[in-house]
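In what follows, a single structure is set out as structure tokens and then discussed.
Every number in this text was worked out from the coordinates using simple rules, so none of it is lab data. Owing to the predicted nature of the structure, the values given are computational and were not obtained by experimental measurement. Every residue, glycine as well, gets a Cβ built from its backbone with ideal geometry; the counts of neighbours run over all protein chains shown.
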Amino acid sequence: MQLFPLFQDANECCIEKRSCHPNAECMNLIGSFYCRCRHGYIGDGFNCADVDECKLKINLCDRNARCINTNGSYNCQCDNAYSGDGFSCSDILNGSKFCILEEEQDVTWEATLAGGIRTYSCPSKHMGNCSRKCSNDGIWEHPDMSNCVSPKFVLLDNQFQQQLVAKEDILHGSDVLSNLTSRNSTKLYGGDIIASVRILKNLVFSRNRSRLSNFNEHDIEKFSASYSKTVNNLLDTQNLPVWKSVKQRILGIP
Ligand SMILES: [Ca+2]
């Protein structure tokens, strides 16, 4: 038996959800509704502002950590010579050698004891993990970014590892690669460099060689222009730290 057979509550949340602030959730009541700011925001539900947990000192950061306010939340970062997740930081100094917190290749490498290795997810939506070793003397080595690769490079790399590709694909791929590696495109990391070198190699070697011999004068001109543009892009001085971040063994350099 229905208790309220004559009327049904309209879920205003479905209908009027748009009136709540994007950082609020709509709560349905019988015959009404209200907007409630999400955790980390303050306001009447129609306007919700970020709570600055750092300024208001309502954060759980360790006393040896720095509080960094973010939209809707906050982060904690251990001070130099301390190690941990920011909520709990332990003293790693104790007279030992260590590498200090450092920003390199868009990654914040936390203070690390000599001989230790740090591993993080790759920056800026690149796939894979990056790592960095703190030498026994307490000096950071170059970060190893050789696994950080953008999905765009993976796609192109896979295409040219396939069996034979058509002449048009070679011309198009070469053009795409020159755009992907250009200064105005997304920032390159180690894995992108490795993928680019492999694509360049696969474009002219092995199975594609027979295709290249069928190129007419116009094709050759177009292909060599984009090919040399890619090489120039990769060797741009701004990529010097990126090359250093690529493990030499992967490129086969002794
Ligand atoms: Ca906040």
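First measure r as the distance between the Cβ atoms of GLU141 and ASN71, then evaluate 1/(1 + (r/R0)^6) with R0 = 30 Å and state the FRET efficiency to the nearest 0.05.
0.30
Filter the GluC sites (Glu not before Pro) in the range 122-220 down to the DSSP loop ones having no more than 16 other Cβ atoms within 10 Å, then list what survives.
Qualifying residues, ordered by number: GLU141.
So which residue, out of ILE220, ILE117, ILE170, gets the largest mean-square fluctuation from a GNM of the chain using Cα contacts under 10 Å as springs?
Residue with maximal mean-square fluctuation among ILE220, ILE117, ILE170: ILE220.
Given the Cα atoms of the range 151-251, and with Rh set as the inverse mean 1/r over their pairs in the Kirkwood sense, what is Rg to Rh to two decimals?
Ratio of gyration radius to Kirkwood radius for the range 151-251: 0.97.
Tell me, what is the FRET efficiency for LEU29 and ASP106 to the nearest 0.05, using R0 = 41 angstrom and their Cβ-Cβ distance as r?
0.30
Only loop residues by DSSP count here, and only those with at most 12 other Cβ atoms within 10 Å; note down the trypsin sites (Lys or Arg not before Pro) in the range 117-196 that meet that.
Answer in residue order: LYS125, ARG183.
GNM, the chain, Cα, under 10 Å: largest mean-square fluctuation among SER90, SER32, SER146?
Highest fluctuation among the options: SER32.
Compare the Cα positions of TRP109, SER226, HIS21 along the charge dipole of the chain (+1 at Cβ of Lys, Arg; -1 at Cβ of Asp, Glu; about the Cα centre) and return the one farthest towards the positive end.
Looking along the dipole axis, the top candidate is SER226.
For the pair LYS152/ALA166, report the inter-label distance in nm, with labels modelled 7 Å from Cα in the Cβ direction.
Going by the 7 Å Cα→Cβ label model, 2.4 nm.
Which residue fluctuates the most in the chain, going by a Gaussian network model with Cα springs under 10 Å, if the choices are LEU101, LEU240, LEU156?
Sorting by GNM fluctuation, first place goes to LEU240.
Among the trypsin sites (Lys or Arg not before Pro) in the range 32-91, which ones are in a DSSP loop with at most 11 other Cβ atoms within 10 Å of the Cβ? Mind listing them?
LYS55, LYS57, ARG63
Between GLN159 and LYS55, what is the spin-label point distance in nm, taking each point 7 Å from the Cα along the Cα→C-beta axis?
Simple spin-label model gives 4.9 nm for this pair.
Nearest 0.05, what FRET efficiency do GLU217 and LEU240 give at R0 = 45 Å with Cβ-Cβ as r?
Computed FRET efficiency for GLU217 and LEU240: 0.80.
Once you have the Cα-Cα distance between ALA81 and THR119, take 0.36 nm times their residue separation minus that, and quote the gain in nm to one decimal.
The ALA81-THR119 span can extend by a further 11.9 nm.
Tell me the relative contact order for the chain as a rounded percent, counting alpha carbon contacts under 8 Å between residues six or more apart.
Relative CO of the chain lands at 10 percent.
Over 28 Å between Cα atoms: which of LYS57/LYS97; LYS201/LYS222; LYS125/LYS201; LYS187/LYS229; LYS125/LYS167; LYS152/LYS229 fall into that group?
Flagged as over cut-off: LYS57/LYS97; LYS125/LYS167.
Between LYS201 and ALA225, how many nm apart are label points set 7 Å from Cα along the C-beta direction?
My value for the distance between the label points is 2.9 nm.
With an 8 Å cut-off on Cα pairs and a minimum separation of 6 or more residues, tell me the relative contact order of the range 151-251 in percent.
41 percent
Provide Rg and Dmax in Å for the chain, with only Cα atoms included in the calculation.
Over the chain's Cα set, Rg and Dmax evaluate to 27.0, 84 Å.
Could you state the angle between the C-alpha long axis of helix 167-180 and the longest principal axis of the C-alpha atoms of the chain, as a value from 0 to 90 degrees rounded to the nearest 10?
60 degrees
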